[in-house]
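Report on the following structure.
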Amino acid sequence: MVEDCLFCGIVAGTIPSQTIDADERTVSFMDINPATPGHALVVPRAHSADLLAIDPADLEACAASAQRLVKRMGEVLKPDGFNLINACGAAAWQTVFHFHLHVIPRYEDDPLKLPWLPRGGEADEIAALAERLRVDG
Ligand code: 5GP
Ligand code: ZN
C-alpha cells in the first residue's frame, strides 16, 4: 500500500467506494464520474503506477476481472457494447497513478465520444513504424 494513493485507500477500505467485485489480486468498484451508467474500474490490490509497472500476473488478473464484470454488466444492464480502456501516463489522460482498467458499458444512444479523431493512414509510415516495432524485425 502506498500512502496518499487513492486506489490503495479504496483497496484497504479506508476510502469509501461502491465495490462490486473482488478476488485475491483485484478489486472492482464504480467510477464516481461515470462516462456511462455502470462505468466501473478494476484495480490490482498491489500498488503499481501504470501499465509499464504492473506485474504481468496482476495484469492478467485485472483482465480476467474485467471480463467477469463485462459478463455481469451484460446480464444486469443489457448494454449494447463495452469499452475497456487503460490510460498510461498523463499524456494519455491518466489522472490516478495506481493501475486501473475502465470497464465502460456502451449504449446505442449514449453521448460518450472517445477523444479520438481517426485520420487516413499513410501506408509507408505505418509500414516503417511496424518495422521499428516488430519483435523479431
Ligand atoms: P484515469 O483518468 O486515471 O484513467 O481514471 C481515473 C478515474 O478514477 C476517473 O474516471 C475518475 O472518475 C475516477 N475517480 C477519481 N477519484 C475517485 C474516487 O474517489 N472514487 C472513485 N470510485 N473513482 C474515482
Ligand atoms: Zn495505490
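One table, with the values for the structure above:
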item	result
Expected 222 nm ellipticity per residue - DSSP helices of 4 or more, -39500 (n - 2.57), all of the chain, to 500	-9000 deg cm²/dmol
Mean separation of Cα contacts under 8 Å, 6 or more apart, over the residue count of the stretch 3-43: relative contact order %	27 percent
Selected from Leu84, Leu112, Leu69 as most flexible by GNM, with the chain as the system and alpha-carbon contacts under 10 Å	Leu112
Inter-probe distance in nm under a simple model that places probes 7 Å from Cα toward Cβ, at Ala127 and Asp109	4.7 nm
Arg45 accessible area, 1.4 Å probe, all protein chains in place, Å² to nearest 10	90 Å²
Pairwise label distance in nanometres, Val76 with Met1, each label 7 Å out on the Cα-Cβ vector	2.6 nm
Among Gly38, Gly13, Gly74, residue whose mean-square fluctuation peaks in a GNM of the chain (springs only between Cα atoms under 10 Å)	Gly13
The chain - charge dipole about Cα centre, Lys and Arg +1 at Cβ, Asp and Glu -1, debye rounded to 20	280 debye
Top of Pro44, Pro79, Pro118 by mean-square fluctuation, Gaussian network on the chain, Cα under 10 Å	Pro118
The stretch 6-110, accessible area per residue, ligands and nucleic acids excluded (1.4 Å, Å²)	54 Å²
Expected-Rg normalisation [2.2 N^0.38 Å, Cα atoms] applied to the stretch 3-116	1.02
Computed lengthening from Cys88 to Thr14, 0.36 nm per intervening residue step minus Cα-Cα distance	24.1 nm
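The values are calculated or read from the model by the stated rules, or taken from the named source; none is laboratory data. Owing to the predicted nature of the structure, the values given are computational and were not obtained by experimental measurement. All Cβ positions, glycine included, derive from the backbone under ideal geometry; neighbour counts span all protein chains shown. Side chains included, ligands, DNA and RNA excluded: accessible areas come from the protein's heavy atoms. Shrake-Rupley method; radii C 1.70, N 1.55, O 1.52, S 1.80 Å.
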